[in-house]
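Peer 1: The structure that follows is given in the form of structure tokens.
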Amino acid sequence: MQANLNPSWDGSLIYLPHAARVLCLVYFGYKSIPALYLAEISGPLVFGSVIPDPQMLFLAMVSVLSVPFALFVLSIMGFSLGHTRQSPLNKRNYRHIALIVIVSAMFNALLVNLVLAEFDVNYFGKTPDVIQVARFFVGDILGAATVIVVLAVTFRPLISRPKGNSD
């Protein structure tokens, strides 16, 4: 996030990194948080030569922690992430992954935009814009859905291949 952006900036319509946050935390656990945070803060530096400022560092932490917060809230509601088919949230079920994507996208959109409003980066008068929150929410969901569909199509032949076949 750059502080010199136009105040009418609305966020991405398809934001692919949210899929990385969700998939890494679901499949690799909480130990992936430091790597996700480093990726979040180093991405703008590598691809845009933007040096992260303290606001950007805090926003990156809020974004990365939106997924563990969603998992925590789902766990409190009785939907803990597990490894078996009987688990309320199963890693192999795309519907469960979609639920985690949606809940974490909601937290990310709300929390990041509240922080942006507090820092007066994109908002004047500390008033969050509902349209921008919605664009963050939709962008995270569409980005994660895009990545998950591409991964499912790409890896389906590898997963469904018969075990006895040694091509």
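Peer 1: Select from segment 21-36 the residues that are without any contact (Cβ under 8 Å) to a residue 12 or more places away in the chain and part of a helix (DSSP H, G or I) and list them in ascending order.
Peer 2: Of all residues in segment 21-36, those without any contact (Cβ under 8 Å) to a residue 12 or more places away in the chain come to 28-29, 31-32, 34-35.
Across segment 21-36, the qualifying residues are F28, K31, S32, P34, A35.
Peer 1: Quick one: what pairs do we get from segment 37-62, first residue surrounded by 14 or more Cβ atoms within 10 Å (Cβ to Cβ) and at pLDDT below 75, second among the β-branched types (V, I, T) and assigned to a helix (DSSP H, G or I), C-beta under 6 Å, 6+ apart or different chains?
Peer 2: P52/I41
Peer 1: Need the failing condition index for I102 against (1) within 21 Å of I131 (Cα to Cα); (2) out of contact with any Ser or Thr (no Cβ under 7 Å at 6 or more places or on another chain); (3) modelled with pLDDT under 90, just the number.
Peer 2: (3)
The values are calculated or read from the model by the stated rules, or taken from the named source; none is laboratory data. What you see is a predicted model, and the numbers here were worked out from it, not measured in a lab. So basically every Cβ, Gly included, is an ideal-geometry build from the backbone, and we count neighbours across all protein chains shown.
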